[in-house]
Amino acid sequence: MTAPPTPALDSPRAIANKSRKSALLAAIRMALRVEGPAVRRNVQSLNRNRYVATAAIPNYEALKNRAHAIKERALAQLDELIATLEASVTRNGGHFYFASTAAEATRYAAEVCKRRGVRLVVKAKSMTTEEIGLNRLLEKDGIEVAETDLAEFILQVADEQPSHIVGPALHYSRERITELFKRAFHTDLPLDTGEELTKFAREKLREKFLDADAGISGANFVAADSGTLVLVESEGNIRMTTLLPPLHIAITGVEKIVPSREDLGPFIELLAASGTGQPMTSYTSVISPPLRNARVITDGAPSEREFHLVIVDNGRSKMRRDLVLQEALYCIRCGACSNCCANFQAVGGHAFGGETYSGGIGGSWEAGTRDIARARFSDLCTGCSRCVAQCPVRIDIPWLNTVLRQRISRHDSSAASRAMKQVLAGVPAADAGASLQKLFFGRYDIAGKWGSRLGWLANGMSRLSVTRRLLESFVGLDRRRNLPPFASSTFIHAARKRTPRSGPAKAGAARHKAVFFADIFTNYGSPSRGLAALGVLEAIGVDIVVSEALPDGRAALSQGMIATAARQARRTASRLAPFLADGRDIVVVEPSVLAMFRLDYRHLLTGEDGRKLFESLRARSFDAAEYVWKCIQEDGLDAAAIFPAARSSRGTRLFYHSHCQQKTIGSAAPTEALLRAAGFDVITSEAECCGMAGSFGYKKEYYDLSLAVGRDLFGQVQLAEAQGERRVIVASGISCQEQLQAGMQREVVHPMELLCELLIEVVQPVGAVQA
Amino acid sequence: MDLIEQFENAARDAAATVERLPRSPEKIAVAVGRAAPGAQRIAVAEPHGLPAELFDACRRLPGVFAGRSKIEWSAAEVGITEAFAGVARTGSVCVSVDQGDTGYASLLARTHIAVLASEDIVERPSDLFRPDRLSGKGLLGNYVFVTGPSATADMGPLVRGVHGPHHLHILVLV
């Protein structure tokens with residue numbers, strides 16, 4: 001295969017449009033090489049601050065529900081709200097304009113400026129004006145546009161697109177800004193500190209503010225009942241833009257409208273905390289322009305204030321009619337989904353983003369305001385789900401990206417190839433656009449079944465360089481990765497052959513009844529952790545049976561093969577239903593599979609029956625360690641007596657990395673609690689995701705990115721060990737385990753394996769007296 | 001912890017300075033002198049909620065200007081305004097932006113001094129959006145939540161003092 005052509009590597013503009021895959025790959029290379037370190041530092045700092053700030057908000061979860069409900073209501077009655085808003089703005093003495101397209105919006109703004117004889121516009125940061133390409137049009141009309149947000153100022157000087165929704169220039173280190181300014185402004189001024197750079201830009205812009213004939217801003221929220229705008233910032237440039245020039249034009253998307261002024265409260269509290277991780281940013285303006293009572297300061301004749309509100313549609317109505325993409329319209333542009341994303345932390349929005357919008361939510365916006373091919377970068381969403389709990393309006397971002405992936409596959413494929421895949425491979429029509437690579441990873445159950453049957457032969461083959469080359473060429477499996485070896489004896493086979501450990505209670509009298517779900521990853525790839533889990537569960541007195549091995553749909557879903565995933569989900573749920581009816585809980589060792597039961601199945605099990613089944617699956621499925629911890633607590637058992645950590649031949653000091661989806665569904669904390677209760681000294685990783693993320697890190701086009709993400713985690717292990725002796729590396733997810741093993745060349749154990757080794761004898765429950 | 005104390009702590013966390021004062025025009029003027037010693041150009045914006053005489057002594061400070069030109073405003077060192085509300089959880093003060101010069105005085109001067117009556121402190125920002133609070137003052141006006149001095153992290157490290165004031169000093173009248 002020939003390498004894709006490499007566009008100018010240092011020019012983010014050249015690779016902003018990622019309709020072609022080669023642009024996406026070039027952007028990843030550029031970002032890893034040039035922008036990665038600054039992005040990582042800045043984004044991870046925003047991420048840490050957000051966790052602190054949101055934890056301090058009273059009733060945070062309830063506030064998110066309220067915000068979600070307000071957006072839902074607003075979008076349902078949008079047409080009426082637009083009419084109400086127009087009446088409010090007119091009543092306030094302003095002008096209202098609804099622009100259906102980007103061209104209409106820019107033309108309107110340019111005409112207002114021309115009519116008022118505007119020569120200089122000061123502009124506040126606005127993603128919507130980036131989206132509609134306002135500056136270019138105004139400049140073509142001979143109007144000077146001064147971007148006044150310091151980040152946008154940097155981008156204007158450098159001619160680059162934003163790399164982050166909130167911090168558009170956070171891919172620039174201080175050193176690179178110094179270099180840029182010295183080159184662009186031919187200056188010998190000392191510009192070697194943040195203060196000096198800020199002073200330099202401030203002085204340039206202060207002149208512009210005082211001379212400007214017009215200010216153009218966006219708006220974070222707009223209340224229809226009063227024509228009130230909310231504008232959130234820290235530098236003071238938005239206040240200048242809306243107060244100093246006599247003419248103010250606000251341009252914003254139709255999705256920013258909320259019904260009433262009273263609805264603004266929850267958003268004001270959520271936006272700053274979720275965005276920059278502050279209780280409030282320096283300035284939050286709440287204004288219903290024109291500001292009639294504030295005189296215009298002028299050296300010439302007194303001038304009347306004039307205000308225009310331009311509400312932009314530009315594809316949003318179409319998004320609203322799209323049953324999936326409509327959820328993206330809830331977005332309040334806080335950037336939390338970018339900040340908590342491990343891939344975004346490594347490359348930023350010049351790789352994980354398009355011409356305007358970036359990060360997890362960015363794909364939906366580029367697809368909605370431009371076209372589906374522009375959303376190709378959303379392939380960098382691994383579905384790790386970390387953003388699901390971080391989004392202040394509860395958008396299920398991974399689901400949006402899964403649907404985009406399916407649509408892009410379809411867009412990329414020919415009708416003939418789809419027909420062939422349907423006929424020859426039995427792929428459902430909706431998924432038939434999937435590439436060979438996606439089919440390979442999406443149907444891991446097939447690879448696993450044959451790999452296990454062929455046992456040593458398959459494993460031996462997969463280690464041969466010729467096989468690796470073939471796999472790389474045909475299915476895009478990076479030749480530097482080792483496929484996890486297929487188990488020559490599957491978990492199901494081994495479980496059948498083992499003698500159950502006799503627990504403290506006889507079957508039938510057990511207080512806890514459960515079925516162990518034999519997921520395909522454990523069954524074909526890692527039977528030992530499943531067997532260990534059975535031993536541990538039996539030892540604490542759980543009456544446990546093993547299910548048949550079934551593909552749950554995770555592999556297919558991660559490739560955007562939604563129809564396949566739904567089919568597998570329905571089958572798995574129907575096979576588990578009798579166990580639930582029999583009073584058995586469901587125990588799972590692979591966190592990504594448990595996340596299907598707790599999160600993703602709500603999209604896949606539809607209809608009244610499906611919804612009910614999902615609800616009981618969600619309530620009654622548990623991670624193995626979580627279940628052990630729950631039983632031990634309910635039965636008043638002593639974890640340290642059952643699993644005496646001091647006996648471990650591996651040592652008592654652990655480094656525990658919880659799986660990304662495990663964190664989201666809340667089963668990481670109980671695992672850590674269990675390990676600590678057993679007597680282990682546990683340091684936990686702060687990495688949002690290991691970087692392998694299921695199949696992502698195996699794909700040849702993403703190998704380098706996956707490793708860059710992984711290095712964060714490897715560094716944390718090294719840091720933890722720098723203060724003392726070596727630690728046992730423990731991980732719950734199978735792909736986290738592979739990533740850590742490959743990156744650190746160390747053994748990595750599952751919590752169940754660790755605990756099973758410590759079991760000594762049958763434990764009699766203490767205080768397990770039935771009421 | 002009472003609301004005033006919570007407010008003071010949160011305001012300090014946001015890099016503002018805070019002091020409590022009795023409702024005395026002279027004490028306010030002295031506090032202004034302490035907060036910005038030797039200031040030559042001071043803008044005093046008329047209060048609309050607080051009694052106007054509270055700012056009397058401030059108006060007599062040397063360097064007070066009442067100009068209307070760009071050049072005067074661009075050289076302002078201190079801006080004194082009232083704050084019609086404070087927010088305990090975030091340490092914000094709410095300042096009107098379309099009553100006379102309050103918008104300019106709170107934005108263009110290097111030091112902004114906000115005068116807040118302690119009974120106008122509410123617990124959290126969303127309280128200002130409830131019609132029953134402060135007789136709906138928050139709901140009705142054009143204003144800005146000011147939380148600390150202007151700041152940026154766009155040039156690398158955190159820098160305080162960008163386009164807006166470099167210092168925010170809050171006088172809480174008890």
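The listed residues are A:Ser488, A:Ser528, A:Ser547, and the only one of them that is surrounded by 15 or more Cβ atoms within 10 Å (Cβ to Cβ), in a helix (DSSP H, G or I) and polar (S, T, N, Q) turns out to be A:Ser528. Does B:Ala88 count as more than 11 Å from every other protein chain (Cβ to nearest Cβ) and at pLDDT 95 or above? It is false that B:Ala88 is more than 11 Å from every other protein chain (Cβ to nearest Cβ) and at pLDDT 95 or above.
Scanning the stretch A:227-252 for residues that are away from chain B (no Cβ under 11 Å) and among the β-branched types (Val, Ile, Thr) yields A:Ile249, A:Ile251, A:Thr252. If you check A:Val717, A:Val709 for being surrounded by 19 or more Cβ atoms within 10 Å (Cβ to Cβ), more than 17 Å from A:Cys341 (Cβ to Cβ) and in contact (Cβ under 8 Å) with a residue 60 or more places away in the chain, only one passes: A:Val717. Remark: A:Trp450 matches the filter, which requires a residue to be among the aromatic types (Phe, Trp, Tyr) and more than 22 Å from A:Met692 (Cβ to Cβ). With respect to the stated conditions, A:Glu366 is surrounded by 24 or more Cβ atoms within 10 Å (Cβ to Cβ) and either in the same structural domain as A:Ser163 (by TED's automatic domain parsing) or acidic (Asp, Glu) (or both). Where strands (runs of 3 or more DSSP E) fall wholly inside the stretch A:599-691, the ranges with 1 or more residues that are in the same structural domain as A:Val515 (by TED's automatic domain parsing) and buried (at least 24 other Cβ atoms within 10 Å of the Cβ) are A:621-623, A:653-657. When B:Ser118, B:Ser106 are screened for being in contact (Cβ under 8 Å) with a residue 60 or more places away in the chain, more than 10 Å from every other protein chain (Cβ to nearest Cβ), in contact with a strand residue (DSSP E or B) (Cβ under 9 Å, 6 or more places away or on another chain) and of a type in the set (Ser, Thr, Tyr), only B:Ser118 passes. Here the strands (runs of 3 or more DSSP E) wholly within the stretch A:162-240 that include at least 2 residues being among the β-branched types (Val, Ile, Thr) and out of contact with any Lys or Arg (no Cβ under 8 Å at 6 or more places or on another chain) are A:228-233. When each of A:Leu120, A:Leu155 is tested for being in contact with a helix residue (DSSP H, G or I) (Cβ under 7 Å, 6 or more places away or on another chain) and either within 14 Å of chain B (Cβ to nearest Cβ) or more than 18 Å from A:Gly253 (Cα to Cα) (or both), the lone residue that passes is A:Leu120.
Scanning the stretch B:122-140 for residues that are surrounded by 24 or more Cβ atoms within 10 Å (Cβ to Cβ) and over 18 Å from A:Ser226 (Cα atoms) gives a single hit, B:Pro125. Being of a type outside the set (D, E, K, R), surrounded by fewer than 16 Cβ atoms within 10 Å (Cβ to Cβ) and assigned by TED's automatic domain parsing to the domain that holds A:Glu262 holds for only one residue in A:Asn59, A:Asn47, and it is A:Asn59. Just one of the listed residues (A:Arg443, A:Arg407, A:Arg481, A:Arg468) is farther than 14 Å from A:Met561 by Cα and under 26 Å from the mean Cα position of the chain (by Cα), and it is A:Arg481. Are any residues in the stretch B:10-28 in a helix (DSSP H, G or I) and more than 21 Å from B:Pro149 (Cα to Cα), and if so, which ones? Within the stretch B:10-28, B:Pro25, B:Glu26, B:Lys27 qualify.
Those residues that are of a type in the set (S, T, N, Q), more than 17 Å from B:Ala88 (Cα to Cα) and within 7 Å of chain A (Cβ to nearest Cβ), I need them from the stretch B:133-174; list them, please. B:Asn142, B:Ser150, B:Thr152 - these are the residues of the stretch B:133-174 that are of a type in the set (S, T, N, Q), more than 17 Å from B:Ala88 (Cα to Cα) and within 7 Å of chain A (Cβ to nearest Cβ). Just wondering, is there one or more residues in the stretch A:267-276 that are among the charged types (D, E, K, R), assigned to a helix (DSSP H, G or I), over 17 Å from A:Tyr97 (Cβ atoms) and within 7 Å of chain B (Cβ to nearest Cβ)? Looking through the stretch A:267-276, at least one residue is among the charged types (D, E, K, R), assigned to a helix (DSSP H, G or I), over 17 Å from A:Tyr97 (Cβ atoms) and within 7 Å of chain B (Cβ to nearest Cβ). Among all residues of the stretch A:253-264, there is none that is outside any helix (DSSP H, G or I), at the interface with chain B (Cβ under 7 Å from one of its Cβ atoms) and at pLDDT 95 or above. I need the full set of residues from the stretch B:136-155 which are more than 20 Å from B:Leu173 (Cα to Cα) and modelled with pLDDT under 90, in order please. B:Gly136, B:Leu139, B:Leu140, B:Gly141, listed by residue number.
The values are calculated or read from the model by the stated rules, or taken from the named source; none is laboratory data. Values in this document were obtained by computation on a predicted structure and should not be read as measured data. Neighbour counts run over all protein chains shown; Cβ positions are idealised from the backbone, glycine included.
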